[in-house]
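Novice: Okay, handing you the structure first.
The values are calculated or read from the model by the stated rules, or taken from the named source; none is laboratory data. Just so you know, these numbers come straight off a predicted model, no measurement behind them. With ideal geometry, Cβ positions are generated from the backbone for all residues, glycine too; neighbour counts draw on all protein chains shown. Side chains are part of the model used for accessible areas, which takes the heavy atoms of the whole protein and leaves out ligands, DNA and RNA. Shrake-Rupley method; radii C 1.70, N 1.55, O 1.52, S 1.80 Å.
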Amino acid sequence: QVQLVESGGGLVQAGASLRLSCVASGRTFSTTTMAWFRQAPGKEREFVAGFSWTGSTDYADSVKGRFTISRDNAKSTVYLQMNNLKPEDTAVYYCAARRHIVMPTDPGQVDYWGQGTQVTVSS
């Protein structure tokens, strides 16, 4: 089992920044890949950013150039730095883990979910 705990959400104005954190614990393995997803009210959960097994990153087109995913292996923590936030970024953000060398880009590929953290961006 892998446990994921997110933090860092909040209410901000458009143009502001937030950094989300996800601490992983339990039986993590080197082939576990990590990603962030989000779900806005009335919409399906969608991929935001993730790490491949090689350490390369990928982003949804809607956040490219504004969001940055990073990690601290010593702390078993993955971060999502979100800059220039827009009202359309409002959602619950979820940390996700997959026991596969290819990062999850679809919710159906995720093996473990965090509890989610709310991000609200006002205009």
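Novice: Just order 91-101, 38-48 by mean Cβ neighbour count inside 10 Å, highest at the front, would you?
Specialist: Highest mean packing first, the order is 91-101, 38-48.
Novice: Roughly how many Å² is the accessible area per residue of the chain, as a whole number, for a 1.4 Å probe?
Specialist: That works out to 51 Å² for each residue.
Novice: Next up: Roughly to the nearest percent, how much of the accessible area of the chain is carbon and sulfur, given a 1.4 Å probe?
Specialist: 48
Novice: Here's a follow-up. For the chain, what ratio Rg/Rh do Cα atoms give with a Kirkwood hydrodynamic radius?
Specialist: With Rg and the Kirkwood Rh in hand, the quotient comes to 0.94.
Novice: Can you bin every Cα-Cα distance in the range 11-72 into 10 Å intervals starting at zero and give me the percent of pairs per bin, rounded to whole numbers?
Specialist: Per 10 Å bin, starting at zero, the Cα-Cα P(r) for the range 11-72 comes out as 17, 48, 29, 6 percent.
Novice: Which value in nm describes the separation of the simple spin-label points at Lys64 and Glu46, placed 7 Å from the Cα toward the beta carbon?
Specialist: Placing both labels 7 Å beyond Cα along the Cβ direction yields 1.4 nm.
Novice: Turning to a different aspect of this structure: What is the dipole size for the chain, taken about its Cα centre, with +1 at each Lys and Arg Cβ and -1 at each Asp and Glu Cβ, in debye to the nearest 20?
Specialist: Value, rounded to 20: 220 debye.
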